[in-house]
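Read the structure below first, then the notes.
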Amino acid sequence: MSLSEQLSPLVGRIVFAWFFLAQVASYGGDWENTLTLLTFRGVPGGAFLLAVVLLLLTMGAISLIFGFHTRYGALILFVVTIIATVSLHDYWRIADATERATDFQHFISNVAIAGGLLLLVGMGPGPIAIDNVKSGPPKKK
C-alpha cells in the first residue's frame with residue numbers, strides 16, 4: 001500500500017472534521033443570531049434543536065478525526081447535512097435571482113459535502129483509524 005493510500009483517507013477525514021468543527025464554532029459562538037435565523041426560517045424548538053445539532057456535529061467530527069466508528073459518524077453528519085440543506089436552503093422559493101443563485105451555491109456545496117460523507121460511509125476510514133485496531137487494516141484484493 002502506497003503512502004498516499006495510507007495518508008489520504010486520514011487527511012480527508014481530518015479536513016471533513018475541521019469543516020464541521022468550524023461550523024460548530026460559528027453557529028455555537030453566535031448562538032443568538034443562529035436562533036434568530038432558525039426562528040426566521042420557521043424551525044420549531046430552535047434552541048433545543050440547535051444544541052442537539054451542535055452535539056451531533058461535534059460527535060461526528062470527533063469520530064472522523066480518530067477513525068472511531070467512522071461509518072456511523074459520517075452517516076450522522078450526512079443526515080444532519082441533508083436535513084439542514086433541504087430545510088434551510090430552499091433556493092427554489094426565492095424570487096430574487098441573485099439571492100436564489102447564492103442560496104443555490106450553498107445548497108449544492110452542502111450536497112457535495114454529503115456525497116463525500118457517503119463515500120466514507122461506503123468505503124470506511126482507510127488504514128489509519130481506530131476502527132482498524134481489532135481487525136487490522138483492510139486487505140487489498
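Mind checking the full-extension length gain between THR102 and VAL15? Use 0.36 nm per residue of separation minus the Cα-Cα distance, one decimal, nm.
Length gained between THR102 and VAL15: 28.9 nm.
Got a sec to turn the phi values of the stretch 15-20 into Karplus ³J(HN,Hα) couplings, 6.51 cos²θ - 1.76 cosθ + 1.60 with θ = phi - 60°, whole Hz, x for Gly and Pro?
Here the 3J(HN,Hα) series is 5, 4, 4, 4, 4, 6 Hz.
If all Cα-Cα distances of the chain are sorted into 10 Å bins from 0 onward, what percent lands in each bin, rounded to whole numbers?
Taking all Cα pairs of the chain, the binned fractions are 12, 37, 30, 15, 6, 0 percent.
Let me spell out the model: positive unit charges on the Cβ of Lys and Arg, negative unit charges on the Cβ of Asp and Glu, origin at the Cα centre of the chain. What dipole size does that give, in debye rounded to 20?
That gives a dipole near 720 debye.
Going by alpha carbons, how many degrees (0 to 90, nearest 10) lie between the helix axis of 46-66 and the longest principal axis of the chain?
Tilt relative to the chain: about 20 degrees.
With springs only between Cα atoms under 10 Å, which of PHE19, PHE66, PHE48 fluctuates most in a Gaussian network model of the chain?
PHE48
None of the figures in this text is laboratory data; all of them are computed from the coordinates on show. Note that the coordinates shown come from a computational prediction; the quantities given were computed from them, not determined experimentally. Counting neighbours? That spans all protein chains shown, and the Cβs are built from the backbone with ideal geometry, glycine included.
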